[in-house]
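Just below is one structure, and these are the notes that go with it.
Throughout, read-outs are computed from the coordinates displayed, never taken from laboratory work. Remember, it's a predicted structure, so these values are computed and weren't measured experimentally. All Cβ positions, even for glycine, are placed from backbone atoms using ideal geometry, and neighbour counts span all protein chains on display.
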Amino acid sequence: MSEPTPTSVLTVEQEQRFRDDLLSNISALAQTIDSCGSNSDTNNIRVHAFRALAKLAENPTFHSKIASTALVSVSQAIQYQVQRGGYMSVDQSRSVEAAAEIYNLLTKSASAPPAISTTLTDPNSTTLDAPTGPNPAPTTPPAARDIEDWELASSF
């Protein structure tokens, strides 16, 4: 039994407005990271801003805005934490973890395997066929949680 194809419950206008609202929040998250001081309350706020950016980075729609708006703030916050001295608090470590997740998500689309095969299985055919054999090539990019494993495996 086949499953129905998922469809959006949002209208085109609702989807556009929601996307625009989320895009505008990327700048606000970057400003939040910039304005946080070094006390424990603001470290917690910074961690939440990092996590929100990482969550937004799961959607390629937001990659360009994050890269152009928030990466400088993320980088400066990490550099500031490193320059402060020999240890990091739990919140600071969580910020680094979220920054690494943002980096992985923003770079995965550039390093993901091709979505379709570009080889012809029949030399007389003019159409692309799905790969066959005992280990066919993947037809979809790996999920976000699998990207590290894929990157490690592909680096050998």
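Listed values, structure above:
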item: Equivalent-ellipsoid semi-axes of the stretch 60-105, from the Cα gyration tensor, Å, largest first; result: 23, 11, 6
item: Within the stretch 31-70: backbone nitrogen closer than 14 Å to the R84 label point (7 Å, Cα to C-beta); result: 33-48
item: Reduced Cα scattering model of the stretch 10-110, Debye log10 I(q)/I(0), q = 0.14, 0.22, 0.24 Å⁻¹; result: -0.52, -1.10, -1.25
item: Whole-angstrom gap from the stretch 11-44 to the stretch 59-85, using each part's C-alpha centre; result: 13
